[in-house]
1. Residue check: is A156 open to solvent by less than 70 Å² (accessible area, probe 1.4 Å), at pLDDT 85 or above and small (G, A, S)?
2. Looking at segment 1-55 only, could you name the residues that are over 30 Å from T172 (Cβ atoms), more than 29 Å from the chain's Cα centre (by Cα) and open to solvent by 80 Å² or more (accessible area, probe 1.4 Å)?
3. Return yes or no: is L25 in a helix (DSSP H, G or I) and touching a Gly at 6+ places or on another chain (Cβ under 8 Å)?
4. Among (1) under 14 Å from the mean Cα position of the chain (by Cα); (2) modelled with pLDDT of 80 or more, where does E168 come up short?
5. Six or more apart or on different chains, Cβ under 9 Å: which pairs go from a residue in segment 81-107 that's more than 20 Å from L171 (Cβ to Cβ) and modelled with pLDDT of 70 or more to one that's not in a helix (DSSP H, G or I) and not small (G, A, S)? Could you list them?
6. Restricting to segment 54-68, name every residue that is over 15 Å from V28 (Cβ atoms) and part of a helix (DSSP H, G or I).
Amino acid sequence: MVSWKRDGTRGLVVLVPIIVTLYVLAFVYNTIASLPFIEAIQPAIVRVPLTLAVFALLVFGAGYLMRTASGPLVEGAIDDVMNSLPGLRVVYNASKMAVETAVTGTGDLQAPVKLETWDGLRMTAFKTGKRTEDGRDVLFLPTAPNITTGFVIEVAPDQYEETDERVEDALTRVLSAGFGETNDSEVPIDVRDEPLYRES
């Protein structure tokens, strides 16, 4: 009975992420294919690759523009226009910072730290690479298992503990609500020595 439970658990661990990934890919594919200005492209199988190709060209074109002398000026003008809009500026700034964090990142961001929030209670936070005027480090303290929410806290450098933990291990622990295992973790296995042959 234990072996059936173990096999079923491992099977779910292998198959569920694949199914979820395929579902997300299918959702993105169908969303792109059903866009109003894309539906006119025929045949239908060409819509998504053509849309992705155009998007990739726009991304690399904008990236090349940012490398030129006029790039920062254009970006600054766009920021000024978006920040002048009362409601959309919050969405614009939040999405811009999220993309910068996810795509570029910094060395400090890839550094999980331990923060003692209450007496004897430690929580996992991440450096953002930012510092306040009074010398405090800005940390992001995510919630589990949804790391898109959390708290931005300002902490003195001597009030948190730096660790040698990899960011992947820390994120796995937070995303799995503490149940995640890394490849380096040791799992005890009950091994019993039995004779290869039994006397009849």
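The values are calculated or read from the model by the stated rules, or taken from the named source; none is laboratory data. Keep in mind the model is a prediction, meaning the values are calculated, not measured. Here the Cβ is made from the backbone with ideal geometry for all residues, glycine too, and neighbour counts use every protein chain on show. With ligands, DNA and RNA removed, areas are computed over all heavy atoms of the protein, side chains included. Shrake-Rupley method; radii C 1.70, N 1.55, O 1.52, S 1.80 Å.
1. Values: open to solvent by less than 70 Å² (accessible area, probe 1.4 Å): yes; at pLDDT 85 or above: yes; small (G, A, S): yes.
Yes: the conditions hold for A156.
2. Matches in segment 1-55: P36, F37, E39, A40, Q42, I45.
3. Values: in a helix (DSSP H, G or I): yes; touching a Gly at 6+ places or on another chain (Cβ under 8 Å): no.
When the stated conditions are applied, L25 does not pass them.
4. Looking at each condition in turn, E168 falls short on (2).
5. Within 9 Å, the pairs are Y92/L85.
6. Within segment 54-68, V54, L57, L58, V59, F60, G61, A62, G63, Y64, L65, M66, R67 meet the criteria.
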